[in-house]
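To keep things clear, I will list the structure first and then write my remarks on it.
The values are calculated or read from the model by the stated rules, or taken from the named source; none is laboratory data. These numbers come from a predicted model, not from an experiment. When we count neighbours, we look across all protein chains shown, and the Cβ atoms used for this are built from the backbone with ideal geometry, even at glycine. We work out accessible area using only protein heavy atoms, side chains counted, and drop any ligands, DNA or RNA first. Shrake-Rupley method; radii C 1.70, N 1.55, O 1.52, S 1.80 Å.
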Amino acid sequence: MPRKRPAEPAADAFPSSASADRSGGARTAPFPIVGIGASAGGVEAFTELLSALPPNTGMAFVLLLHLPVGHESLLSEILGRVCRMPLAEVRDRVVIEPNHVYVLGAASDLDLEGKSLVLVERPAPGQHRPIDRFFRGLATHHANCAIGVVLSGTGSDGSIGIQEIKAAGGITFAQDDTAQQTSMPRSAIETGTVDFVLSPGDIAHELARIASHPLISAPQEPDDAPFELAPVLEVLHNSIGVDFADYKPNTLYRRIARRIVLHRLDSVSDYLTLLKKDAAEAHALYQDLLINVTSFFRNPDAFEALKTVVFPKITQSRSRHDPVRVWTLACSTGEEAYSIAMAYAEFLDESGVPVPLQLFATDLNEAGIDRARLGIYPKSVVEQVGPERLRRFFVQVDGSYRIAKSIRDVCVFARHNVLTDPPFSRIDLVSCRNMLIYLGQELQQKVIPILHYALRPSGFLWLGNSETIGSHRDLFELVEAKSKIYAKDGAPDHLPIGATFTPRAPVAAFRSAMRLPEPLPVLRDTHREAERLLLARYAPPSVLVRSDLEILQYRGNTSPFLAPAPGKASLNLLKMLREGLVMGVRSALTQAKAAEMPVRQDDLWISVDGRERRVAIEVIPVRSGTDRAELFMVVFEETPIAEIAAEAAPALSDATRVEIEKLKQELAATREYLQSVIEQQEAANEELQSANEEVQSTNEELQSINEELETSKEEVQSTNEELATVNDELHARNVELSQINNDVINLL
């Protein structure tokens, strides 16, 4: 399924520039807008890039540089000497024109409204990320006409915005090792959404090439596109196994055209040739079509609606043994799934409801699923989650942030195609945000009933801001209009007519190649019932346990040998064994693990209902193929009363009876001693656990102090960046003054 991101604007074609006058005249068709961000060392990078740009690209350029508040910027004056296009500092409500360069001053941030540049008030200190802000607006308003460039600078400003541009279908650049400060471009590159990593001069040449590409210089609409989508989608289907034929053609056209431009190809036939012979390009196109960009707590008001509307209802009158089940579709790299888990944890703290959570997050992209399982995200994540959530739900690891284990443990990530794979069931909340907008009408009509089937009668469906349930108003009732939250209506719980789910590709291919019939479910159930009856009647009682002695399965009547221990419920074998079997079973398990072979213990005695019984046990390793045994079968065998009586038939002498009584007393004393040792060990374990909790508490306090120091460090770094930028301007000014001074001296 497509990846989630903010809804794309209705830009119907790849950016066009031919309809404009190359000299900078007015134009009606969309034209590319290039946002260029930098910080320390950015003046030199700007100068190199602008000096290499031709004056008639048909693009507009917006330059953003970190500058301190109150500083009178000389950037426009410095760059105006090398730029071959009209260049000016941005004033409020400036309409963007092609073949013009706009420079942001220091006092404000910059946003976009259509084709107008709007100055906005700069946020409080420590939150200044003007490049991310402008890139986000550029992606929202201009979609595939957006181009983002990240040049020299420290910090990570621009890394979030450049993901938005890539998700909107735009093209992204970052400066290579020629940057004076590599932190900003490196942070952008690490997001995996940068198309070109070049020097500023090479970026200028690549922008000029893109501007002259046939798919850019010839205006088209998707209905009048210069190539057919079907051949490309057929090759992709054969390579990847996912059919995009019923996805919205506008998005497909823009993404395919983007790949053609990036590979410097002139025709779709050349791209088809590349696609057929290069599996890596097929995978890259697949990634582009899936749109694998999302963020934490996107639309914060919607998450507040979850905590106030949805979570209270699905946890009402619920026990701690009945967890809340959530299914997140098209989870991409996991940000939204983890956001829901964090919001639920906050709800539990506020309400005191002790109901656990099970969250299933699915996606088509295995690479995204793998990254989601790791739960490691860049430092720029603090802009999305805020310092409080960062402290509580994240752990700093090697310059990045990792989701806390308590949140990762409730999230299960898996590859899943909602159109072809069977859905999950008994779900309380389905999150399907900004996936339906990429599907054609026919696929949307298929998906909504499937999601309805997956929900419990009291379940909820959560859609994106641009999505609705369409014609299925009989299946859902709108609960929260602003957040697009729907409640399941009381319709029958059955899959929609015509919904068919196929097995995974390897299974289907194997059955097809071997021509094996599908198993008969009725016959299989009959066989299982027959085996169950035979085992219950003739097989000895037994249990299947893991290597940690947790019981997985009971076979036969094990009640004479096992009994639940008082206190907290447990499935640990040693805690459930009757007195007299513990030592023998423990010894046999240890030997079976070491020798990887069955071990038997005879002559063990237990007391059941006041009657002594003699028992033999056998521990049998259970192997899977050639792997080392991880499971063990513990078999119990009771000696019949007749055999015991026959063995005890000979009369016993008085000396023998005394010896037996003595041995019984010694055995009882030994048991009491072992019990005291076990109790002492348990007490020691509790003390160690208490000490461990104190250490963890201290560690959290130290971590909080470390985060405060890290924040102070970032503020100092931000100040250093601004000072370095001012220093660059002053240096350029000094060079200019020195040159003028030399000219005056020579003139005199």
Would you mind stating whether Thr191 is of a type in the set (Val, Ile, Thr), over 18 Å from Ile33 (Cβ atoms) and modelled with pLDDT of 85 or more?
no
Asp548 passes all but one of (1) out of contact with any helix residue (DSSP H, G or I) (no Cβ under 8 Å at 6 or more places or on another chain); (2) open to solvent by less than 70 Å² (accessible area, probe 1.4 Å); (3) modelled with pLDDT of 80 or more; which number fails?
(2)
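Give the residue, chosen from Ala29, Ala60, Ala88, Ala107, that is modelled with pLDDT of 90 or more, more than 19 Å from Leu198 (Cα to Cα) and of a type in the set (Gly, Ala, Ser). Step through it out loud before you land on a result.
Details: Ala29 fails: modelled with pLDDT of 90 or more; Ala88 fails: modelled with pLDDT of 90 or more; Ala107 fails: modelled with pLDDT of 90 or more.
After applying the criteria, what remains is Ala60.
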Of the conditions (1) of a type outside the set (Val, Ile, Thr); (2) within 20 Å of Leu138 (Cβ to Cβ); (3) open to solvent by 20 Å² or more (accessible area, probe 1.4 Å); (4) assigned to a helix (DSSP H, G or I), Asp202 fails just one. Which one is it?
(2)
Of all residues in the range 561-578, which are at pLDDT 85 or above, open to solvent by less than 50 Å² (accessible area, probe 1.4 Å) and not aliphatic (A, V, I, L, M)?
Phe561, Asn572
When the residues of the range 716-741 are filtered to those that are modelled with pLDDT of 70 or more and among the acidic types (Asp, Glu), which remaining residue is surrounded by the fewest Cβ atoms within 10 Å (Cβ to Cβ)?
Glu736
Against the definition (in a strand (DSSP E or B) and open to solvent by 30 Å² or more (accessible area, probe 1.4 Å)), how does Asp111 come out, yes or no?
yes
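Would you check if Val381 is over 25 Å from Val309 (Cα atoms) and over 17 Å from the mean Cα position of the chain (by Cα)? So that I can check it myself, show each step before the final result.
Numbers: over 25 Å from Val309 (Cα atoms): yes; over 17 Å from the mean Cα position of the chain (by Cα): no.
In short, no.
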Could you check Thr172 against (1) under 30 Å from Ile256 (Cα atoms); (2) surrounded by fewer than 24 Cβ atoms within 10 Å (Cβ to Cβ) and say which number it fails?
(2)
I need a count of the residues in the range 396-433 that are open to solvent by 20 Å² or more (accessible area, probe 1.4 Å), in contact with a strand residue (DSSP E or B) (Cβ under 6 Å, 6 or more places away or on another chain) and either free of Cβ contacts under 8 Å to residues at least 60 places away in the same chain or closer than 18 Å to Gly459 by Cα (or both).
6
